[in-house]
Number of protein chains: 2
Amino acid sequence: MTKATWKKFDEVELTHSSVHHLMAMHELLKRNGYVRGVDISKHLKISRSSVSITIHKLIKKGYIQEDENKFYHFTPKGQELINNVLSKRRIIRLFFEKVLDIPEDMAEYEACKVEHLLEEETGQRIMNFIGFFLSERKEANEFRYALKRFIYECGSVDACEICEIECYFAGKEQ
Amino acid sequence: MTKATWKKFDEVELTHSSVHHLMAMHELLKRNGYVRGVDISKHLKISRSSVSITIHKLIKKGYIQEDENKFYHFTPKGQELINNVLSKRRIIRLFFEKVLDIPEDMAEYEACKVEHLLEEETGQRIMNFIGFFLSERKEANEFRYALKRFIYECGSVDACEICEIECYFAGKEQ
DNA sequence: TGTATTTGTTAGACATGCTTAACAGATGTT
DNA sequence: AACATCTGTTAAGCATGTCTAACAAATACA
């Protein structure tokens, strides 16, 4: 771990909580055409007071605007962020489901923890990868077919990098 | 988002910070053969006091033991956790580097944010995937070769799921 | 009109994890 | 032996995000 890479974890511009406030707003706007504090509060199952505080922070940071009736709207900045998170969420879920073959609810859970933490660049690359993986190209078709029948076992592959990992999983090393 | 999936984010048994205290311990043990509080403090670039507090929590939780000279050691529970995180870290980094072709330092950064959040099951599945992806199987070879030459463009693939995503990236939808 | 409900805000509380400052005890140096 | 340094702990402070309780203002209903 170089320098203090690990610390950057909470130097992210928006916290997990804030991102989910924005995501809730987006879902409710789509569903109802409007959002108020209490809607977010019910959606996220947290208190109105907590929502109130977070929303005002997001207004200060320029992600949200409040109209005269206390209905909330995204600023362009907020909308852009939502688009980014949504696209990453989708692509990550798709990856978990289609590539790793993880059940839907589990894929959602795993994606939720991770979606807002990954960079745009990473999202783009996963998209590129999945674009190819799910395509009808001959190489992709054959790869998917063979992958489905593949079960990894230590020794079945000559890449020793992987083998080291298997040893970790089996708890044989260190 | 079902129920309050998003809240589980911080219901994880150990926080990002705690995991990194344990990881630091592991690295220092491997390097020096011992660990004291001050070593962790320097390694993570945080104050001794903060380390002291976190370490005592980890002792209470049963991940660490302290000997008569204030040198720290893993309990079996702690060692197991370290093995799990290490294996996931490796496999995730490998995925970012070898599959997504992300530069090494970026891959490390991305992996760091994510490694302790994913379930064992997910780690296992990524391992299985990479086991096949990096193998010398004909399908894997051809897939890798073709993937390297592939650049995703909206319309180049008929999977409309992906296309929707591309629209998000381009900010054309919603 | 008067009362009840809904909604948003504020205050006080608690838990996290970090900081600095002060201090205690051990170790090192001269 | 005396002073300096290193190490660990504790206390007080700040920021996060959550909670409950209290209150204010608007809305709904009788």
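Values quoted throughout were computed directly from the atomic coordinates according to the rules given, and no laboratory measurement underlies them. This is a predicted model, so every value here is computed, not measured. Here the Cβ positions follow ideal geometry from the backbone for every residue, glycine too, while neighbour counts run over all protein chains shown.
Across peptide A:13-22, how many C-beta atoms of other chains are within 10 Å of each residue C-beta, on average? Before the final figure, lay out each step's value.
On the way: counts 0, 0, 2, 4, 4, 0, 1, 6, 1, 0.
Across the residues of A:13-22, the mean count of other-chain Cβ atoms within 10 Å is 2.
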What is the average number of partner chain Cβ atoms found within 10 Å of a Cβ in B:117-130? 5
To one decimal place, what orientation-averaged projected area in nm² is obtained for the convex hull of the Cα set of the range A:13-74? 3.8
Peptide B:92-98: average number of partner chain Cβ atoms within 10 Å per residue? 2
Any chance you could check the Cα centroid distance between the range B:10-49 and the range A:32-73 for me, in angstrom? 38
Please tell me which of these pairs span more than 25 angstrom C-alpha to C-alpha: A:77/A:98; B:57/B:113; A:113/B:61; A:148/B:98; A:45/B:45? A:77/A:98; A:45/B:45
Can you run phi through the Karplus equation (6.51, -1.76, 1.60; θ = phi - 60°) for the range A:56-71 and list ³J(HN,Hα) in whole Hz, with x for Gly and Pro? 5, 5, 5, 5, 4, 7, x, 9, 10, 10, 10, 8, 5, 9, 6, 9
How do B:56, A:26, A:20 rank when sorted from fewest to most other Cβ atoms within 10 Å of their own Cβ? B:56, A:26, A:20
Between residue A:134 and residues 5 or more places away or on another chain, which pairs have amide H atoms under 5 Å apart, with H built 1.01 Å from N, and which residues are they? none
Looking at the axis that maps chain A onto chain B, which chain A residue has the closest Cβ, and how far off is it in Å, rounded to a whole number? A:143, 2
Computed lengthening from residue B:79 to residue B:48, 0.36 nm per intervening residue step minus Cα-Cα distance: 8.9 nm
In nm, one decimal, shortest first: how far is the label point of residue A:61 (7 Å from Cα along Cα to beta carbon) from the matching points in the other copies? 2.5
Starting from the amide H of residue A:64, placed 1.01 Å from N in the peptide plane, find each other amide H under 5 Å away whose residue is 5 or more places distant or on another chain. A:59, A:75
Quick one: 3J(HN,Hα) in Hz for the range B:99-107, Karplus 6.51/-1.76/1.60 with θ = phi - 60°, rounded, Gly and Pro as x. 8, 8, 6, 8, x, 3, 5, 5, 4
May I ask which residue of B:34, B:58, B:15 lies farthest towards the positive end of the charge dipole of the range B:11-74, with charges of +1 (Lys, Arg) and -1 (Asp, Glu) on Cβ and the Cα centre as origin? B:34
Based only on Cα atoms, what Rg/Rh ratio does the range A:1-115 have, Rh being taken as Kirkwood's radius? 1.02
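Using mean Cβ contacts within 10 Å as the protection proxy, how do B:109-115, A:144-150, A:78-84 order, highest first?
Numbers: B:109-115: 21.7, A:144-150: 14.1, A:78-84: 18.7.
Output ranking for B:109-115, A:144-150, A:78-84: B:109-115, A:78-84, A:144-150.
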Please compute, for the alpha-carbon atoms of the range B:82-134, the extent along each of the three principal axes and give them in descending order in Å. 25, 25, 14
Protection-proxy order for peptides A:27-33, A:49-55, B:34-40, A:89-95, each taking the mean of Cβ atoms within 10 Å per residue, highest first: A:89-95, B:34-40, A:49-55, A:27-33
